[in-house]
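Since every read-out is calculated from the coordinates, none of them should be taken as a lab result. What you are looking at is a predicted structure, and each value in this text was computed from that prediction instead of being measured. Ideal geometry is used to build each Cβ from the backbone, glycine not excepted, and the neighbour counts take in all protein chains shown.
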Amino acid sequence: MERGIDETRSGPRCPKPRYRGNQRQGGGFKTGLVANVGGLLAEGGSRVLLVDLDPQGNLAEDLGYADQGDGGRSLAASLCFGGEPDLLTGVRPSLDVIAGGPHLDDAAAFLGAKAQKDRDAAQLALAKLLAGVAGEYDLVLLDCPPGNEPLQAAAVAAARYALVPLKTDMSSRKGVAAVAARMDSVVGLNPSLDLLGVVLVGTGTNSKQVHKVTRDHLTADFGTDEVLFPMSIRHAEATAQACRERGLLAHELERELSKGPKWWEVLRGEAKAGNAGPKSASSVAEDLHAVAMEVTRRIAVAESQEVNA
């Protein structure tokens with residue numbers, strides 16, 4: 001069974017928020033969430049496919065395959081003209097990628113023009129593309145671009161579940177509703193689309209009052225706080241930068257740093273100093289591992305409920 005997760009939100013069976021907002025900017029940790037959750041689940045034994053729908057192609061930096069990608073050329077051609085895109089296989093054991101990049105701007109323009117004549121066909125372009133390859137995987141994760149209407153519409157029309165990374169500021173909270181509206185717009189094409197949850201990102205572990213305010217807002221908008229993941233991903237700029245510079249995921253960076261010499265070994269002359277890494281790597285890796293486990297749990301619960309319905 002294909003199980004796509006797109007970092008947007010809402011769905012036909014989830015509560016609707018009472019406001020509408022606008023979200024155009026990036027920087028919401030969407031790519032980092034896709035890369036790290038995908039990498040963790042693949043390491044745990046699942047067959048995972050990551051689809052980079054972002055013209056910026058930042059997934060290549062997170063996973064360290066920039067020299068292998070095609071800038072999204074193959075994916076763009078498949079979205080416009082049909083056929084299966086090229087796969088980057090073995091980016092990690094059990095993890096493959098459909099690369100994104102600047103060529104997706106051309107695909108977005110094509111789909112936008114096509115939607116003027118046949119909106120359904122334009123929105124279903126990605127779903128049709130994935131139908132030929134998704135059966136080979138346990139999980140398909142879609143990295144959705146910010147502020148790109150044609151590609152976002154195609155993503156939500158293809159997704160089964162939606163996972164929303166959310167910062168605690170007011171503009172980000174309002175932006176969640178804009179994504180909800182976009183998902184609502186494809187209910188007719190994708191009636192199985194549902195909200196998996198919202199996860200707080202880029203926040204401090206001691207910001208309990210801030211977290212409470214965010215939870216209260218989500219509860220007011222959705223009528224329940226169950227949409228919010230019980231864990232969050234803390235802000236750690238040094239770790240994020242180190243991961244991208246080395247093409248490593250957070251748990252891989254943590255593992256690499258743990259193999260380095262201890263400070264007292266260097267002091268005693270027993271080892272040479274290596275490239276030091278951020279102390280926050282372990283904490284961020286722990287946060288992401290908890291999120292990946294919650295993703296797995298929520299999908300299992302949702303699919304169990306479907307079977308028993």
*Using modelled amide H (1.01 Å from N, peptide plane; none on Pro or chain starts), what sits under 5 Å from the amide H of residue 228, excluding residues fewer than 5 places away?*
198
*Got a sec to turn the phi values of the stretch 59-73 into Karplus ³J(HN,Hα) couplings, 6.51 cos²θ - 1.76 cosθ + 1.60 with θ = phi - 60°, whole Hz, x for Gly and Pro?*
4, 4, 6, 4, 9, x, 10, 3, 6, 9, x, 10, x, x, 4
*From the phi of every residue in the stretch 82-99, what ³J(HN,Hα) in whole Hz does the Karplus formula 6.51 cos²θ - 1.76 cosθ + 1.60 yield, where θ is phi - 60° and glycine or proline is x?*
x, x, 8, x, 5, 10, 8, 8, x, 4, 9, x, 6, 10, 10, 9, 9, 6
*Based on Cβ point charges of +1 for Lys and Arg and -1 for Asp and Glu, what charge dipole magnitude is obtained for the stretch 135-209 about its Cα centre, in debye rounded to the nearest 20?*
400
*Residues whose placed amide H lies under 5 Å from that of residue 148, excluding near-sequence neighbours*: none
*Treating only the Cβ atoms of Lys and Arg (+1) and Asp and Glu (-1) as charged, compute the dipole magnitude of the stretch 105-153 about its Cα centre; round to the nearest 20 debye.*
260
*Please turn the phi angles of the stretch 241-247 into ³J(HN,Hα) values with the Karplus equation 6.51 cos²θ - 1.76 cosθ + 1.60 (θ = phi - 60°), one per residue in order, whole Hz, x for glycine and proline.*
5, 5, 4, 5, 5, 9, x
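Quick one: which of 174/212; 30/212; 30/128; 174/208; 167/279; 128/167 span more than 26 angstrom between C-alpha atoms?
Beyond 26 Å: 128/167.
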*Around residue 233, which amide H atoms from residues at least 5 apart in sequence, or from another chain, sit under 5 Å from its own amide H, with H modelled in the peptide plane?*
200, 201, 202, 203
